[in-house]
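> My structure is below; once you've seen it, I'll send some questions.
Taken together, the values in this text are just the output of simple stated rules run on the coordinates, not laboratory data. The structure presented is a predicted model; accordingly, all values stated were derived computationally and were not measured. Because the Cβ atoms are built from the backbone with ideal geometry, glycine has one as well, and the counts that use them run over all protein chains shown.
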Ligand SMILES: [Zn+2]
Ligand SMILES: [Zn+2]
């Protein structure tokens, strides 16, 4: 696990959790479910963070890398969020189906 211990508090319409400050500005910021809904996650504030499309793509990529045993990319926050999501899924008994690609899921704004 990363040395980060808690996922950032979900703030409706808040900034990107991964990068905080952006230049240029992201085209949009979406709600990412730390444990994806398709993997048994809940649509609750303790399971959601705000991320830009780049951060979102990277989190899911790192989660797939963790699932393959070779986490190697991502920023500290991207790796942390992927790690928490993956381990919540494992702790729940691996419900649903593993989300390998961002385009397999439905991002909500
Ligand atoms: Zn997501
Ligand atoms: Zn961002």
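> Modelled label-to-label distance, residue 25 and residue 43, 7 Å Cα→beta-carbon offset: nm?
Using points 7 Å along Cα→Cβ, the separation is 2.8 nm.
> For helix 53-67, report the angle its Cα long axis makes with the longest principal axis of the Cα atoms of the chain; keep it between 0 and 90° and round to the nearest 10°.
Helix 53-67 and the main axis of the chain meet at about 20 degrees.
> Continuing with the same structure: Angle, helix 76-91 long axis vs. longest principal axis of the chain, Cα atoms, 0 to 90°, nearest 10?
Orientation of helix 76-91: about 30 degrees from the principal axis.
> Using helices alone, what [θ] at 222 nm do you get for the chain, with -39,500 (n - 2.57) per DSSP H run of 4 or more residues, divided over all residues and rounded to the nearest 500?
It lands at -9500 deg cm²/dmol.
> Here is a further query. Testing the spin-label approximation: label points 7 Å from Cα along Cα→Cβ at residue 13 and residue 76. State their distance in nm.
3.1
> From Cα coordinates alone, what are the radius of gyration and Dmax values for the chain in angstrom?
Cα-based Rg and Dmax for the chain come out at 12.7, 40 Å.
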